[in-house]
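The values are calculated or read from the model by the stated rules, or taken from the named source; none is laboratory data. If you're wondering where the values come from, they're calculated on a predicted model, not measured in any experiment. Heads up, the Cβs are rebuilt from the backbone with ideal geometry, glycines too, and the neighbour counts pull from every protein chain shown.
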Amino acid sequence: MPRSSLRTSLVTLACVVLVVQIGSAQGECTACGVSETDPFELGHSLLNPYTLGLPVGAEAPALEGHDFDAGPTLLAAVNGHCNSEYLQLLQLWSHIPELRVVVAFTGMTASTVASAMDGLGDAARVIRDPEAIPVCATYRVGRMASSVTFLIDTDGTIVYRRRGFPNYAALDLDRMVREFAATEALPAYVLQQHVLWYGDMVPWPSFDLYDRSGAPIALGASRPLLLLTGADAGLGAAVHADLTPLIAEYPEVRFVCLLAYKTSDVVASIWEFGRMIGLESVHPEWYALSLEEFLAKSDLPGRAARLAESARRVGEAGWEVAYDENNKLIAHWLLYATPGVMLLDEHGTVVFPFTLYPVHTDPETGLAVSEEGAVEELARILDGMLGR
């Protein structure tokens with residue numbers, strides 16, 4: 001099939017997929033054969049391989065009036081909302097001589113887009129609705145995934161894709177983008193972000209996780225794995241109450257609670273990034289401080305103590321605690337929410353993709369409450385995986 005015909009077909013298919021997903025998310029799809037009783041259905045329908053961006057290695061769909069072979073490209077696909085700090089970083093990148101920055105805004109009010117464009121300046125190319133609709137559709141960027149950033153080389157191949165913008169990673173992202181602009185290659189330290197779905201083999205982390213004593217631990221193929229993100233506090237209290245009894249029921253399964261933390265160097269990089277984009281005039285209570293004052297106000301010892309106490313309770317309840325330093329596994333496996341859960345079999349195959357655990361705060365009692373049937377659904381999947 002000719003390249004132009006293939007891209008036309010992709011546009012049509014992606015727009016159809018987008019319409020179907022919107023109908024499903026609104027509960028209007030009554031003939032799809034999808035269960036209305038699955039408490040995880042909405043999460044999986046909103047965030048999946050068709051909404052979280054095309055993968056690395058995919059051919060980049062055409063952008064009208066844009067030639068990929070003219071130079072390396074950064075595309076930011078914004079569907080519905082975008083972090084204002086990220087817009088400022090995009091503006092900095094748009095002034096890199098070798099890099100062409102394209103930003104597609106869809107599903108946003110005219111005033112919101114106008115404000116965003118003022119922040120971007122004139123160096124970036126901005127695509128607005130209606131032209132932005134097929135851009136987000138063909139690049140598979142759903143509203144809940146916004147924003148997604150793609151680095152595209154001069155062969156028109158996606159070499160990097162990342163959902164979301166974490167300010168603690170901003171300086172690393174900046175270094176990566178500048179090296180890509182100069183060489184079309186990614187630095188050795190870059191961790192690719194994977195969208196893991198049913199039947200996928202997980203890429204086991206090459207970096208260490210740590211147990212409660214600070215000793216390295218490894219994840220790898222050997223036993224089935226139930227991975228839970230988040231401590232047993234706040235909304236996580238209901239999730240831990242749901243899942244902890246399963247530990248005794250399924251001794252052949254490895255129950256791991258992932259607790260993320262940031263080192264002082266990474267927290268310091270948040271301050272450095274904020275100063276780089278002028279946040280001291282926007283949030284002087286944080287960024288007009290010296291670095292030492294910023295770190296003191298961030299209360300890293302207090303955060304560590306609270307996390308350690310939660311880890312103690314979780315460990316005594318039977319969970320294996322894995323500390324994720326600087327959110328590396330969270331980024332690598334796109335563990336985008338807390339509390340969230342995923343299931344792998346003994347080979348590392350995804351049996352249940354990562355998703356937000358359905359839980360809310362009861363307005364009358366103020367207590368965390370999980371959705372009815374959630375733990376029963378996970379137990380059913382565990383039984384199927386184990387052949388019970």
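Being under 30 Å from E372 (Cα atoms) and either surrounded by fewer than 21 Cβ atoms within 10 Å (Cβ to Cβ) or at pLDDT below 95 (or both) narrows it down to one residue among V56, V34; which is it?
None of the others qualify; the one that does is V34.
Name the pairs: first residue in region 41-68 and in contact (Cβ under 8 Å) with a residue 12 or more places away in the chain, second residue among the small types (G, A, S) and assigned to a loop (DSSP other than H, G, I, E, B), Cβ to Cβ under 7 Å, at least 6 apart or on different chains?
Filtered contacts from region 41-68: L46/G142; T51/G142; E59/G156; A60/G156; F68/A60; F68/G156.
Among what's in region 135-159 and is modelled with pLDDT under 95 and assigned to a helix (DSSP H, G or I), pick the residue that is nearest to Q193 (Cα to Cα).
If we take residues in region 135-159 being modelled with pLDDT under 95 and assigned to a helix (DSSP H, G or I), then A145 is nearest to Q193 (Cα to Cα).
Against the condition closer than 25 Å to E272 by Cα, of a type outside the set (A, V, I, L, M) and assigned by TED's automatic domain parsing to the domain that holds V177, how does S147 come out, does it pass?
Yes.
Right, P130: surrounded by fewer than 16 Cβ atoms within 10 Å (Cβ to Cβ), within 20 Å of E64 (Cβ to Cβ) and more than 18 Å from the chain's Cα centre (by Cα) or not? Don't jump to the end; show me each part of the working.
Values: surrounded by fewer than 16 Cβ atoms within 10 Å (Cβ to Cβ): yes; within 20 Å of E64 (Cβ to Cβ): yes; more than 18 Å from the chain's Cα centre (by Cα): yes.
Yes, satisfied.
With Y336, Y357 as the choices, which residue is among the aromatic types (F, W, Y) and within 16 Å of D242 (Cα to Cα)?
Working: Y336 fails: within 16 Å of D242 (Cα to Cα).
Going through Y336, Y357 in turn, just one is among the aromatic types (F, W, Y) and within 16 Å of D242 (Cα to Cα): Y357.
Among the numbered conditions (1) in contact with a Leu (Cβ under 7 Å, 6 or more places away or on another chain); (2) farther than 25 Å from Q193 by Cβ; (3) part of a loop (DSSP other than H, G, I, E, B), tell me where A311 comes up short.
For A311, the exception is condition (3).
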